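The values are calculated or read from the model by the stated rules, or taken from the named source; none is laboratory data. Bear in mind the structure is a predicted one, so any value in this text is a computation, not a measurement. Here the Cβ is made from the backbone with ideal geometry for all residues, glycine too, and neighbour counts use every protein chain on show.
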Amino acid sequence: MKAAILGLGTIGSYIALYLSDLEILEELVLVDYDKIESKNLKNSAFLRRHVGMLKTEAIQEIIDESNDIIIHPIHAKFIEGETKLPISVDYIIDCRDITYNRKNIDVRLYFSGRSLIVDCRNESKYEVEKEGIYTSTLTRTDVINAANAATMLFKTKIINRFINERVVYRHELDTPKITACDFLDERKSNSSDYVYESCESESTLLNLHESVNTIIDMNQSRPTTLFVGPRDHSSFTKIIPKDTLVNITDVMECLTNSIDLPFRYPYYLVAPGKRGSEYFIELIPETGAA
């Protein structure tokens with residue numbers, strides 16, 4: 001396997017190290033223009049001795065200490081369609097904090113709330129380039145667990161099915177609902193975690209069609225709480241009275257009206273759920289924090 005990693009920050013630095021531990025990895029392209037600062041040490045794979053070094057050089061140094069992998073460092077910003085990779089790779093993995101339009105990038109990894117998002121859509125377009133922000137406090141352990149989970153997708157080659165089917169997979173760091181294997185086998189019954197490329201008019205709500213029946217059924221049973229952002233630290237909350245949502249139009253209008261806020265994001269994952277006797281819907285923003 002040959003792979004390229006764009007961005008060697010929080011998740012990107014650990015993904016580079018963990019992929020290099022896989023026996024199937026032969027060559028790795030590392031792309032990052034930045035140098036390491038003290039503020040980068042908290043939740044990344046870098047050590048204090050790396051401060052002032054290029055991120056590509058530091059990761060190559062760490063990998064070289066334990067693995068015999070061919071490393072190709074590129075000290076530059078990656079511009080799709082212009083930046084030439086030195087080798088042909090099986091996967092281009094985007095771990096940058098800036099969300100860019102993308103056409104041929106295979107996988108984008110980022111955090112949204114306390115979830116790792118594995119976004120395998122292509123032809124994704126944004127009105128503006130968006131810098132990612134963290135919507136919750138992540139620890140080094142959280143990042144390591146997320147990187148391990150993502151690495152297993154490559155080791156088992158489940159990532160190939162994700163890419164072919166343009167999946168957006170949400171891996172919850174606190175209470176994982178299902179494993180990636182279960183996710184594929186049971187996606188019809190666990191549709192709130194499964195996302196297809198949406199049609200243009202509904203692209204803001206990534207998996208509306210897969211979640212709408214669950215949302216309607218919940219709302220027919222009792223009032224439903226809507227959270228814009230993760231449930232435990234949402235930016236906006238409202239109660240949807242019982243029997244308010246009876247069809248997809250009702251659901252779409254309710255959700256889109258609720259995200260018409262000053263700090264609106266271009267995409268949200270729709271995640272219906274239940275905790276105790278409470279039915280709720282989370283609209284998880286694509287923050288793009290990597």
Condition check: in a loop (DSSP other than H, G, I, E, B), without any contact (Cβ under 8 Å) to a residue 60 or more places away in the chain, assigned by TED's automatic domain parsing to the domain that holds Asn148 and not aromatic (Phe, Trp, Tyr). Does Glu23 satisfy that?
yes
Return the residues of segment 56-87 that are of a type in the set (Gly, Ala, Ser) and within 24 Å of the chain's Cα centre (by Cα); say none if nothing qualifies.
Ala76, Gly81
Unique residue being on the phi < 0 side of the Ramachandran plot and in contact (Cβ under 8 Å) with a residue 40 or more places away in the chain when the list is Thr244, Thr249, Thr256, Thr237:
Thr256
Restricting segment 71-116 to residues that are part of a loop (DSSP other than H, G, I, E, B) and of a type in the set (Lys, Arg), the residue that is nearest to Leu19 (Cα to Cα)
Arg96
Out of everything in segment 116-155 that is aromatic (Phe, Trp, Tyr) and over 19 Å from Asn43 (Cα atoms), what residue ends up being modelled with the lowest pLDDT?
Tyr126
